[in-house]
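Read the structure below first, then the notes.
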Amino acid sequence: MSYLGSMEPIAYDRSIGIGIQVTHNLQLRATQHQVDYLGRYSKSLGPADLGTNGPYGLYATVGVRWSFGGYAQAGNTQ
């Protein structure tokens, strides 16, 4: 199968999240993603098809971001 000849979308990824700035350089982030297959890909492909349930379509992530300065924080010197 070649996907190069079609502009038909395969999946739609929805995400929502929150981030909290703990210190000047430290952020805590939590996001939730949900993936839905579209069009002809939304049909069940048989017993081996895992669908979009569980870790294959609905999952959450928790992350920590530490920044070392740079352009984004250069204007925050006030």
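None of the figures in this text is laboratory data; all of them are computed from the coordinates on show. Because the structure is predicted, anything quoted here is derived from the model rather than measured. So basically every Cβ, Gly included, is an ideal-geometry build from the backbone, and we count neighbours across all protein chains shown.
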Worksheet item: Which residues' amide hydrogens lie under 5 Å from the amide hydrogen of A11, considering only partners 5 or more residues apart or on another chain, with H built in the peptide plane?
Response: L38
Worksheet entry | Stretchable slack from T31 to D13, in nm (0.36 nm times residue separation minus alpha-carbon distance) | 5.2 nm
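Around Q32, under 15 Å between beta carbons, what's the net of Lys plus Arg minus Asp minus Glu among the other residues? Display every interim value, and only then the final one.
On the way: positive: R14, R29; negative: D13, D36.
My count for the surroundings of Q32 gives 0.
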